[in-house]
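Working notes, beginning with the structure itself.
Read-outs throughout are calculated quantities, based only on the coordinates presented, and are distinct from any laboratory measurement. Note that this is a predicted model, so its numbers are computed, not measured. Cβ atoms come from the backbone with ideal geometry, glycine included; neighbour counts cover every protein chain shown.
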Amino acid sequence: MSEKATDGLEALENRLIKAIGERVLSLPSSFGPDNDLYEAGLDSMAIMQLLLMVEEEFGVTIPVESVSRENLASARALATMLRKRQVKPPAPKEITTSSSSLASPPPPKFQNLPMQGSDYFVLGFDRLLHKTGQGGHKAHSFLLLEKLPDVSRLKKALSQCGRLYPMLNAQLKRRWLFSIPYWTPASQPEPPDIFFYSQEGSSKILKSSGATVFSDAHALMENITNSPMPKSGKTSWPKVRFSLLEMKDGSAVFIFSWSHLILDGVGAELFIQELVKLEAAQEATSPYIQSSVNRHSGNLANAWRKAYPMADFFSKLSRTPITSLGPVRPTSGVTHFLIHELSEKQTKVVNARCAALCGDLVSMPFFLACAMRAHESVFARRGTSPASQTCGVPTQTRKKGEHGPLFLNHIAMFFGTLKREDAVSLERATAVLMTQHATFLKNRMGESLDELMHLMSFIPPSLYMSFMKWQMRGPFSSFFHSHTGEFAAGLNSFYGVNIQNAFHVPGIGTPPGTGIFCNEKNGRIVVTLCWHEAALTEPERQLLLDSFLSDLGVA
């Protein structure tokens, strides 16, 4: 290769590294053209963002057949592929050599922190679930441990949480009725609660910590997941709690229950990693307080212009009623869950099937198609198959490798819609959803949704949800679904013991009343099926799971 060609390739590599660091992954300043992008956090969602970035920055669409692990392994591999396709990128814009875009300084402690982004909708949904006796918008993260962890060190670490992480006790306020809600620190932060339980037949080691004795482990876990999160108090507002279960076989279960008002699923995993740092006597990481910099449009006209595409999307979406398996009206009652863990061999089968339909590097449309077809099987059994299904899927907006700010929902909502005729085969369903998701990213609908929610933030939660119900003419989703990828990558032990498995159990409200969720740990996919007691009968629950596993290829 000539010297001139080498210089051109090096310039392209540098431009790619800069663009990836700004828009896709959180890269260190030392990241070079041969460094592994997958080790830096490149996954199926980040790959979609990468392809969109290449199209916008370099004016080229990478064909599906070229989207391979080899071609996206590094900036050099990607640059080489682009050069082979005779890509002529536009002249680079003038840039600074400062590394500030790659590593922001730790944010300061906060006094008055406005809510942002998807937090507004979460607040409205949380209030609705409290009002209807469903305990708030909460979720739970489970660690299955080989044995009891070091309880004394765990207690010591949790005792520091109220001081180190003031958002755990912060109060949510408004200056007046129609204004943006904001967080303010509690005057007297309190440590979160931890509850101890010992199973009958166990060694009863936790009895000295005041453990409650139980017999049925699953019944206790469902009771924990159904316990409501507390509402705002005058002095403090604990928004997380912990439970530790001592099992009769010598193993243990650690449950982290958290309010969606301050965390998303990835944030919950990061917080568990924060607890491990405290256990290891390491210096606590910055509490990741979201800065109060306004990232929205400066005036109403610009804000509406940016929000309009999503408002128009909702208007068109609402023309077809959204049907769910659960009751049409919110209903109090118990939510059940079931965990189905695949083996390493089964997980490889699923990933191969997904790759055959979506390519090696994209997975969300495949799993969403499986979930939609599983729900269609239950609708068909009832003889009430709807014309279409719509599912709002949270997509992570936090750049891969970036931890903060921790206490914020870093999510946009992709709304996938599948017509009855498109659900006839898994291949067709997956292809339709892939096309919809590509359009969603290309048109920056996530940013439009964020701006729309910001415009709605001035409205009190009850009116907000009433508007959403009117806009959607009923439920906003046929069911809940997400695939969060590997659970806390790199986290293999917790307070001195090995983690055997880990998964999330999201809270389920009605409507829609059902949800299918996935994540991976130790090379194994974990399927979590959740349903409200009023949504499914036992035969329907089994059909839902069997249909999902069948499409995954492991029934």
The size of the Cβ-based charge dipole (Lys, Arg +1; Asp, Glu -1) of the range 137-279 about the Cα centre, to the nearest 20 debye, is 760
With +1 on the Cβ of every Lys and Arg and -1 on the Cβ of every Asp and Glu, and nothing else charged, how large is the dipole of the chain about its Cα centre, in debye rounded to the nearest 20?
1520
Output the Kirkwood hydrodynamic radius of the range 300-552, Cα pairs only, in Å rounded to one decimal.
19.3
With each run of n ≥ 4 DSSP H residues scored as -39500 (n - 2.57), what mean residue ellipticity at 222 nm is computed for the chain after dividing by its residue count and rounding to the nearest 500 deg cm²/dmol?
-12000 deg cm²/dmol
Could you order the peptides 340-346, 539-545 from most to least packed, using the average number of other C-beta atoms within 10 Å per residue?
539-545, 340-346
Mean Cα-pair separation over length for the chain, i.e. relative contact order, pairs under 8 Å, 6 or more apart, %:
21
Hey, can you grab everything whose amide H is under 5 Å from the amide H of Q500? Only 5+ residues off in sequence or another chain; H modelled, so Pro and N-termini drop out.
L144, L145, E146
Work out from phi, with θ = phi - 60° and the Karplus expression 6.51 cos²θ - 1.76 cosθ + 1.60, the ³J(HN,Hα) of each residue of the range 517-526, listed in order in whole Hz, and give x for Gly and Pro.
10, 9, 7, 10, 8, 6, x, 10, 6, 10
Subset of K131/K173; K156/K239; K204/K345; K155/K239; K348/K419; K348/K442 violating a 25 Å alpha-carbon distance limit
K204/K345; K348/K419; K348/K442
Between the alpha-carbon centers of the range 136-157 and the range 472-508, tell me the distance in whole angstrom.
15
Quick calc of log₁₀ I(q)/I(0), the range 477-531, Debye, one scatterer on every Cα, no solvent, q values 0.16, 0.19 1/Å, result -0.53, -0.67
Compactness ratio of the chain: Cα Rg over 2.2 N^0.38 Å, N = residue count?
0.98
Run a plain Debye calculation on the range 158-266 (Cα atoms as equal point scatterers, no solvent) and give log10 I(q)/I(0) at q = 0.11, 0.16, 0.20 Å⁻¹, rounded to two decimals, same order as the q list.
-0.44, -0.80, -1.05
